[in-house]
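Written out below as structure tokens is the structure these notes cover.
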Amino acid sequence: MAVHAHPDDESSKGAATMARYAAEGVDVLVVTCTGGERGDVLNPHYPPIEGGAEAMREIRRAEMATAAKALGVRHQWLGFVDSGLPEGDPVPPLPEGCFALAPLEVASAPLVEAVRAFRPHVVTTYDPSGGYPHPDHVMCHRVSVEAFETAGDPERYRDRGEPWQPLKLYYNHGFSMARMRAMHEALAAAGRESPFGDWIESREAREIPERTVTTQIECAEHFPARDDALRAHATQIDPHGFFFAIPRDVEAATWPYEDYELAVSHVPTTLPEDDLFAGIRPEGA
């Protein structure tokens, strides 16, 4: 089970991993907490959308269905309303009724129900920072941890199905500095322009601490499925923009993995790992 804040997050964070496992016969479910209805149109080639949040919600629902099909995964909405990304000085308050303002137990209850119904062995989500400081990403982390910790407790969320305890919890690390530097250096060595120079300098200037990558999943074979899923989110992803700035042959040769941090494991495992199911299924299965 991969838990994400908005439609399109699943395609930019761990998509090739999901496509790989789905192709191997693993049952994979993406859970999206909000409808993404307050998101801006980020693709400069996409026409303006009339009809406000309702229209955006319907468009993004259709995009998500196409992306899930490209990855070969199942999908479920939690049904919360996008909080938007507050900007300005001072930063405005979050809108009433949004996901990030929901009480933790209210926001977590449908995810606990989803965990108990789907019965995943592995859950992936964001680290405590949310990956970046969007209020929905931070809230997604909080509800994911709450669901992971309580879904197996028969005394919690009693009306939300039969208890089920997932065995491992991972944080996505798709934009680690190690990966960015490796790509940047590979592109420079090939005499190609790198989109990562300013990003690396900015993160270093802000002294953003790097979290530990414990697990790398080799999945270059499934980068095309990831790219198809990204393109499905046409309101958000410019097919000529950042996500497609790396020549795919350079990417596959330099960093054919997607990176994760093992946050919790209820089974014995040895780090580093090359399988999210290490310690769960027989070795080599």
Exercise for the section: Filter region 239-277 for residues that are of a type outside the set (A, V, I, L, M) and farther than 30 Å from Glu193 by Cβ and give the result. Expected result: Glu261, Ser265, His266, Pro268, Thr269, Thr270, Pro272, Glu273, Asp274, Asp275, Phe277
Problem - Tabulated pairs, region 128-157, first touching a residue at least 12 places away in the same chain (Cβ under 8 Å) and acidic (Asp, Glu), second in a helix (DSSP H, G or I) and surrounded by fewer than 21 Cβ atoms within 10 Å (Cβ to Cβ), C-beta under 9 angstrom, 6+ apart or interchain - result: Glu146/Leu104; Glu146/Glu105
Handout entry: Selection status of Pro92, out of contact with any Asp or Glu (no Cβ under 8 Å at 6 or more places or on another chain) and assigned by TED's automatic domain parsing to the domain that holds Thr66
Key = yes
Problem - Qualifying positions in region 139-162 - within 20 Å of Ala15 (Cα to Cα) and in contact with a helix residue (DSSP H, G or I) (Cβ under 9 Å, 6 or more places away or on another chain) - result: Cys140, Ser144
Problem - Answer from Leu169, Leu94, Leu101, Leu85 - the residue that is surrounded by fewer than 20 Cβ atoms within 10 Å (Cβ to Cβ), aliphatic (A, V, I, L, M) and either farther than 18 Å from Thr34 by Cβ or without any contact (Cβ under 8 Å) to a residue 40 or more places away in the chain (or both) - result: Leu101
Handout entry: In region 19-39, the residues that are within 18 Å of Gln236 (Cβ to Cβ), of a type outside the set (S, T, N, Q) and either without any contact (Cβ under 8 Å) to a residue 12 or more places away in the chain or touching a strand residue (DSSP E or B) at 6+ places or on another chain (Cβ under 6 Å) (or both)
Key = Val30, Cys33
Handout entry: Hits in region 160-185 (condition: touching a Phe, Trp or Tyr at 6+ places or on another chain (Cβ under 7 Å) and either modelled with pLDDT of 95 or more or farther than 29 Å from Thr150 by Cα (or both))
Key = Pro166, Leu169, Tyr170, Tyr171, Asn172, Arg179, Met180, Ala182, Met183, His184
Handout entry: Residue, farthest from Ala147 (Cα to Cα), within region 104-137, restricted to residues that are surrounded by 18 or more Cβ atoms within 10 Å (Cβ to Cβ) and among the small types (Gly, Ala, Ser)
Key = Gly131
Practice task
Return a yes/no flag: does region 139-151 have any residue that is surrounded by 16 or more Cβ atoms within 10 Å (Cβ to Cβ), among the hydroxyl-bearing types (Ser, Thr, Tyr) and in a helix (DSSP H, G or I).
Solution key: yes
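The values are calculated or read from the model by the stated rules, or taken from the named source; none is laboratory data. Small disclaimer: the values here were computed from a predicted structure and weren't measured. In this analysis, Cβ positions are derived from the backbone assuming ideal geometry, glycine residues included, and neighbour counts consider all displayed protein chains.
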